[in-house]
Amino acid sequence: GYMIAKRGVALEASYFHAPPYTSERAKEKVVDLARIIAAYAGPIRLHVVNFTDIQLYIYDQCPHDELTIIMRRYMMKIAEHFAKEDGCLGLITGESIGQVASQTMQSLAATNEVCTLPVYRPLIGFDKKEIVEVSERIGSYETSI
């Protein structure tokens with residue numbers, strides 16, 4: 001969010017909460033991070049999506065070797081729903097190539113396929129060390145770890 005906000009783009013955010021698999025503390029961290037980024041971006045509207053039922057349905061109905069990509073596709077489609085509802089012009093993610101196994105070119109292409117809005121990834125070429133350096137500089141590192 002910071003990387004795109006510093007270019008003057010207003011932000012909204014979507015967080016996918018899946019209790020009991022994600023804790024209330026995790027949700028609080030997201031709220032805290034939105035406050036930190038808001039210092040650079042202005043007010044941020046945060047959509048908290050209860051993802052538990054969707055996650056369980058996907059787990060029950062889909063091939064287990066495809067669970068991660070299917071869940072990510074659902075998340076992108078839901079985020080796009082909010083974006084369109086609020087007149088946003090694109091989606092922004094914090095993904096970078098190869099940071100984790102789900103961030104391969106093939107995986108990113110598969111998640112993009114469900115979206116009609118453009119997907120921007122300002123960290124696409126950053127490695128983990130570079131991302132950590134930015135988060136330390138803007139004061140979000142301690143909250144995000």
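The values are calculated or read from the model by the stated rules, or taken from the named source; none is laboratory data. The structure displayed is predicted, hence computed values, not measured ones. Neighbour counts are summed over all protein chains in view; Cβ atoms, including those assigned to glycine, are modelled from backbone coordinates with ideal geometry. Only protein heavy atoms, including side chains, enter the accessible area calculation; ligands, DNA and RNA are left aside. Shrake-Rupley method; radii C 1.70, N 1.55, O 1.52, S 1.80 Å.
List of remarks:
- In terms of accessible area, using a 1.4 Å probe and ignoring ligands and nucleic acids, VAL30, VAL9 rank largest first as VAL9, VAL30.
- By accessible area with a 1.4 Å probe, ligands and nucleic acids excluded, highest first: order of GLU130, GLU95: GLU130, GLU95
- Dipole magnitude of the stretch 1-79, debye to nearest 20 (Cβ charges: Lys/Arg +1, Asp/Glu -1, about Cα centre): 460
- For the chain, with all protein chains in place and a probe radius of 1.4 Å, 56% of the accessible heavy-atom surface sits on carbon or sulfur.
- Heavy-atom accessible area for LEU67, with the other protein chains in place and a 1.4 Å probe, reaches approximately 20 Å².
- Once the Kirkwood radius over Cα pairs is known for the chain, the Stokes-Einstein relation at 10 °C and 1.306 mPa s delivers a diffusion coefficient of 98 µm²/s.
- Count Lys and Arg as plus one, Asp and Glu as minus one, and take only other residues whose Cβ is under 14 Å from that of ALA41; the net charge is then +3.
- Which listed pairs, of LYS77/LYS128; LYS77/LYS129; LYS6/LYS129, have C-alpha distances above 24 Å, in listed order: LYS77/LYS128; LYS77/LYS129
- Rounded to the nearest 20 debye, the dipole magnitude of the chain is 380 debye, with +1 charges on Lys and Arg beta carbons, -1 on Asp and Glu beta carbons, and the Cα centre as origin.
- Accessible surface of LYS128 - all protein chains present, 1.4 Å probe, nearest 10 Å²: 140
- Given a 1.4 Å probe and the protein chains as shown, THR22 ends up with an accessible area of around 40 Å².
- From the C-alpha gyration tensor of the stretch 59-145, square roots of 5λ in Å: 24, 18, 13
- Accessible surface for the stretch 98-145, divided over its residues, is 62 Å² per residue with a 1.4 Å probe.
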